[in-house]
Amino acid sequence: MNKLSGFILSVFVLVSCNDDYQPKPKGYLSLTYPNPIYEPVDVDCAYRFEKNKISIVQPSKSNQPCWINLEYPDLKGTLFLTYRPVKDNLRRLLIDAQRMPLEHTTKADQIEGSSYINEVQKVYGTVYEIKGDAASQAQFYVTDSVNHFLTGAIYFKTAPNYDSILPAADYLKRDMKHLVESLQWKRNITEN
């Protein structure tokens, strides 16, 4: 019986050592985020907008008036908003805002800009989508061309790896787009 057990074990080992194997398909991380619920934000500034409830309004560390951050703790991302009054400096503000996305050209695979126009609210600008391993995945600037100028940029608290942050970046881009579309100027700069 000992020889029989050894023979069966040897056959089993030889049969199980088959080099014919199938590679497993690639697995993809499935990240799900809650459907956005937007609420109005009325900061003590010359603008108001709607934000996703999962974001937290924080004052900017720069201590500049009307610069705020929308923090997304679960996504480890931030939408930085900077406001500047227009006082004979519109050309300079536009040049600076249009240059900002270009600073990512060395790491970006593609930068797409699309114009935004809301005649009713007098909000005009450009939204940039940045694809690739750039530090920022999306940026925008909007103005009424007379009194107000607002810029925004999405950054993550991680090394830029486009494939890894893509789901979170897409989620924040939708929120940024909603912010731009819901933006309203509250008063003229002379009232600030």
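The values are calculated or read from the model by the stated rules, or taken from the named source; none is laboratory data. Keep in mind that what you see is a predicted model, and the values were worked out from it rather than measured. Cβ placement follows ideal geometry from the backbone for every residue including glycine, while neighbour counts extend to all protein chains displayed.
Numbers below:
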read-out: Residue match in the range 102-120 (condition: buried (at least 18 other Cβ atoms within 10 Å of the Cβ), in contact (Cβ under 8 Å) with a residue 40 or more places away in the chain and touching an Asp or Glu at 6+ places or on another chain (Cβ under 8 Å)); value: no
read-out: Qualifying residues in the range 18-52 (those that are hydrophobic (A, V, I, L, M, F, W, C) and either in a strand (DSSP E or B) or closer than 24 Å to residue 143 by Cβ (or both)) - the one modelled with the lowest pLDDT; value: 43
read-out: Count - residues of the range 53-64 that are assigned to a strand (DSSP E or B) and over 11 Å from residue 80 (Cα atoms); value: 1
read-out: Some residue of the range 123-131 being assigned to a loop (DSSP other than H, G, I, E, B) and within 25 Å of residue 66 (Cβ to Cβ); value: no
read-out: Sole exception among (1) charged (D, E, K, R); (2) within 21 Å of residue 159 (Cβ to Cβ); (3) free of Cβ contacts under 8 Å to residues at least 40 places away in the same chain for residue 76, by number; value: (3)
read-out: Unique match (being out of contact with any Phe, Trp or Tyr (no Cβ under 6 Å at 6 or more places or on another chain) and either among the hydroxyl-bearing types (Ser, Thr, Tyr) or at positive phi (or both)) among 157, 122; value: 122
read-out: Candidate set: the range 133-191, residues that are part of a loop (DSSP other than H, G, I, E, B) and touching a Pro at 6+ places or on another chain (Cβ under 7 Å); chosen: the one surrounded by the most Cβ atoms within 10 Å (Cβ to Cβ); value: 134
read-out: Matching residues in the range 33-73 - criterion: being of a type in the set (D, E, K, R), within 23 Å of residue 167 (Cβ to Cβ), surrounded by fewer than 19 Cβ atoms within 10 Å (Cβ to Cβ) and touching a residue at least 40 places away in the same chain (Cβ under 8 Å); value: 50
